[in-house]
Every structure is written in C-alpha cells, then in structure tokens.
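Heads up, the thing below is written out as structure tokens.
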Amino acid sequence: MKSSSLSKPLVSLFFLLLRKLAGRRHHRARMAVTTKPSPPPPPPLLTLDMLHGQTLVVDVEAWILRPPVSAFPYFMLVAVEAGGFLRGLLLLLLYPLMFLLPGDGARARTMATVALVGLEEKEVARVGRAVLPKFFMEATAAEGVAAVQAAARVVAVSATFPRVMVDGFLKEYVGVDAVVGPEVRSVGGVLAGLMDEEDAAEMAAKTLRALFGDELEVAGKKGAVGLVGPASSGRVHCLFSPYYCKETFAVSEADTRGWRPLPRDKYPRPLVFHDGRLAFAPTPPAALAMYTFLPFGIALVVFRTIAFSFLPYRVCFPVGALTGMHYRLVAGHVPTVRQGRGEGGGGRLYVCNHRTLLDPIIVAAALGKPVTAVTYSLSPVSELIAPIRTARLTRDREKDQRNMAAVLARGDLVVCPEGTTCREEYLLRLSPLFAELGVDVNPVALDTRVGMFYGTSTKPGAKWMDPFYFMMNPRPAYRVEFLPRAATTPADNGGRGDSIDVANRVQRELGEALGFELTGLTRKDKYMTLAGNEGVVPTAPKKH
C-alpha cells in the first residue's frame, strides 16, 4: 500500500515535466519559424536571347553532357587506347574499390591517375582528339549545345575530366573558345599525375586572362554569364565566382531529365573521322563482358583467318556464318563467270568504297573467283595472309596507271579509289585514276557493321592488326551490292576532265546505293585530323 501511494505522485511529476519540455520545444520551433528570413525571389528563367553577345562560362558535366555523367567509360577508353588492354583491365579491377573513396571528385582523380600516369602526353592528346569526340558527342545534350552556340564567347569548365581529354572535343566539335579542367603534370613528355587544385586554378586564370583580357571583369562591369550544375552536385569552380560571373544560372535535376541527345545531323561539325579500336562505350558491365569474351575472340580470329585463307570461295561464307559472321549479297548486277572477261579480252574493273582491308577479299568471295587488289601500303603480315593477289602502287600517276593496266590485262582488278577507309556513313572523294584506264567500271557498294572492335586504325605500328580486330567481333557483318556497269571515256592525254566526271558519277551511284553522304575529303584530310600527318608511309632508303 505504501509503495502504490508513493508511485502516484512520482508519475504525476513525470508527466508534468514532459508537458513543460514539450511546451518549450513547441515555443522554440514557433520562434524559429517566425524569425526565419523570407526566401529570396526565384532567379529569372534562362533564355537563349539572354546569351546573345555574352561571354559564357559553362559547366561541362551539367550543361554540355547529359546528366548523369559517368566518368568511367571515358577513362577506360584512354586506358585501353593509349595504354593497352592490361591497363584497362587494371582500371576495371580497381573500380569497385573506388566506391570506398569519399565523393565523386576523389573517384575521378583516382581513375585519372590509374588511366593516365605513365603514358606519353602526345599519345593521350591523340586519343583525346581522335577517339573520345565520338563518345562525348553521343552523350551531348542538344540544349547545352544551343546555349553554347548562342553566346559570343564560351569558356567550358570541367571538374571531372582532365583538360587533355576534353580539349579536342569541346573546341573542335562543340565550338568553345577555351577549356578549363584538371591539369596533368608532364615530366619528359610522360604524364606524372594531376596538379593540385590551387595550381590548376591559377593556370586557368592566367589562360583566361590571356585569351579574353578584360572580358571577364569584376561583377558590375562586364562579367560573364555562368551556367552551373545543381547545388546538390557540390562542384563549384572558382570561375563561377562573382569575380568572373556577373550572373549564374543553375540547372536542376528535374530540368535535365527531359534533355534530348544531340542528333547527328545537328552536330556543329560533322563527325566524319574517328579512331580507336573499341566500337562501344565501355561501361563497367560492357568492359567486363569484353574482357570475358577476349579469349574466345582470339580463337575466332584464328579459325576465321584459316577459313578465308585456305578454303574455296564458295564455302567461305557458310563457314563464317557458323562462327557468327553475317554476309548479305544484295540481288542486283552480280557478274558471273559465264559472262566472260572484260573489254579487249582483259579482266573486269571493280571499283568499291573502302570500309576495311577485307574489302577485296569479300568482293572475290562474292564473285566466286580470284581477283587482284591494288594498294598503296600493306603490312607484310597482311600480304602474307591475304588469299588474293595484291599489287602495290607508288603514287607516281603515270607508273601506277601502267601497272594497273598490266594487272587488268591479266585478270579482274579491285580498286578502292577513296585511298583510305571511312567508318561513318560518308564517302570520300574518289581518285580518278581508275577512270583513266579506258575500260568500263563495275561499282561495288560495301558496308560493314561491328559491335565490339573497329577493324581500322591510323595509329602507327598498329595497322597490321586491322583485319584481326574485325574478325574478333562476335557478329561482324558485311553488305555487298554490285551496281550497273558505268561507261568511261577512253584514256588519252586530254581525258583528265572526263575521268574526274566519271569518278564523281561513280561516287554518286555508290552514295545513293548506300545512303551515304558525299564529301570532298581525302586520305590526307583523314590523317591530318586523326594523326596530325599526311598518312604517307615512309619508304626505306635504297641500298647502294
């Protein structure tokens, strides 16, 4: 009885204290609400008209690339294309451990260190100029490019990708004037690691002052307009401060969900040429699938090479189909053996566009008979495994014309007058040399499809691997279409203009059959774009 009588006052006292504490919390919350300042008015909506004549500072990851941006595929491309498959495998194996690091910035710096350190600076620059633009353009937002095109001057700022990786893409294909990003130290032409943020910011400020002078002044005078990412991203570069930007506009995650990819026909600069072996964006799952497939791919290369080198033409494609190769011969004007030889008892002249080094072999297999292919440069390995005859050209016009005429007198001849391969749906200018032989032309339209590896390259010392990479694809595809015969003007000293007309007419016919766009670009243009040279293979000096 005594214990029950004592418990009642204690319970009453406990509830009294709870009511007082609740009242104080409620009072504090009420005071917090009443003393909170009113929110600022929302910023004005950005329109393209507001950017006309302005200097623009734009966040690459937030405005030019469609969020969310995954940095791994681009660092994997650099690792594989500039460092090799072993470096790419190292990056793939370390990638899960990088999630233990705090924040996206630390993960990006770690990926950059694994992918770049120890590589030659000029090789990484080549990959950034020749390989990465294709993949960056596929991830570009149409809305961001429209903002860039509306401004008078544009500074692109990347917090994730080193400047050496995005400089070529942003300047040549998006049209920005300056690029600011993490800088990489170089020792003797070899990359040694990322610079500190303070040193990189100082270098960026000096670069911008040299480019724009007083265009980027203190706010209130003639500052720039900044386009930044959402506040939740946590990435605020010093160039978006009021010292440089008089006004900033932040894009929200809700806004970017409706952004559209930039159509290919809207690219500021057409993507005619690109390089590199990987034909897909190497996301972590895709990269893992590639490395898992590589042992089987090497076995496929060996089997397919033996099949195309030693088996009869009539069984090459059935055997190739068993290994996953897809071949389509479009019904049309396919010459048969019964149709006999060409004019004057010689062979037939087949003119095709150039997709891979296997083009003449595919034409021979489609015809079911041997042909001779002419080439300017062919590696000894390619000549060794080629199942057809090859004839070298010397780039001496008169001598090459005589050699081609002599080969044509002995049998069928296949020429690729573009002079180099083109991966995209474009046709390069055709050399008119074939039209000066004075025989009718049999145009052949060729197209290829690959899913994992490209069978072409401009990298020095790597071209001998081109046919092997094509045959390493799980399901490579070839499409062959023989077009109606085209008449030419007999060769004479004054037929140069006629031969150019014939070459242009054959190019139009090939373009119409394939649905490709015609260009006036040449082999020289391709190599100047991708490799920085004219693509002329130096010849060994003659021994006396």
Qualifying residue in the stretch 427-445 (condition: in a strand (DSSP E or B), touching a residue at least 24 places away in the same chain (Cβ under 8 Å) and either among the aromatic types (Phe, Trp, Tyr) or open to solvent by 20 Å² or more (accessible area, probe 1.4 Å) (or both)): no
Residue within the stretch 135-143 that is of a type in the set (S, T, N, Q) and either in a loop (DSSP other than H, G, I, E, B) or open to solvent by less than 50 Å² (accessible area, probe 1.4 Å) (or both) present: yes
Hits in the stretch 105-115 (condition: over 24 Å from the mean Cα position of the chain (by Cα) and not hydrophobic (A, V, I, L, M, F, W, C)): Gly105
Count of residues meeting criterion [β-branched (Val, Ile, Thr) and farther than 18 Å from Met76 by Cβ] in the stretch 115-146: 2
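What helices (runs of 4 or more DSSP H), lying completely within the stretch 232-329, carry at least 3 residues that are open to solvent by less than 70 Å² (accessible area, probe 1.4 Å) and of a type in the set (A, V, I, L, M)?
It comes to 284-310, 313-322.
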Qualifying residue in the stretch 137-144 (condition: under 26 Å from Gly258 (Cα atoms), at pLDDT 90 or above, among the charged types (D, E, K, R) and touching a strand residue (DSSP E or B) at 6+ places or on another chain (Cβ under 8 Å)): yes
Matching entry among Ala386, Ala366 (being surrounded by 20 or more Cβ atoms within 10 Å (Cβ to Cβ) and among the small types (Gly, Ala, Ser)): Ala366
Enumeration of residues in the stretch 389-412 that are of a type in the set (A, V, I, L, M, F, W, C) and open to solvent by less than 40 Å² (accessible area, probe 1.4 Å): Ala391, Leu393, Met404, Val407, Leu408
Complete set of residues in the stretch 177-202 that are at pLDDT below 70 and not charged (D, E, K, R): Ala200, Ala201
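The values are calculated or read from the model by the stated rules, or taken from the named source; none is laboratory data. Bear in mind the structure is a predicted one, so any value in this text is a computation, not a measurement. All Cβ positions, even for glycine, are placed from backbone atoms using ideal geometry, and neighbour counts span all protein chains on display. Accessible surface is based on the protein model in full, side chains and every heavy atom, while ligands, DNA and RNA are left aside. Shrake-Rupley method; radii C 1.70, N 1.55, O 1.52, S 1.80 Å.
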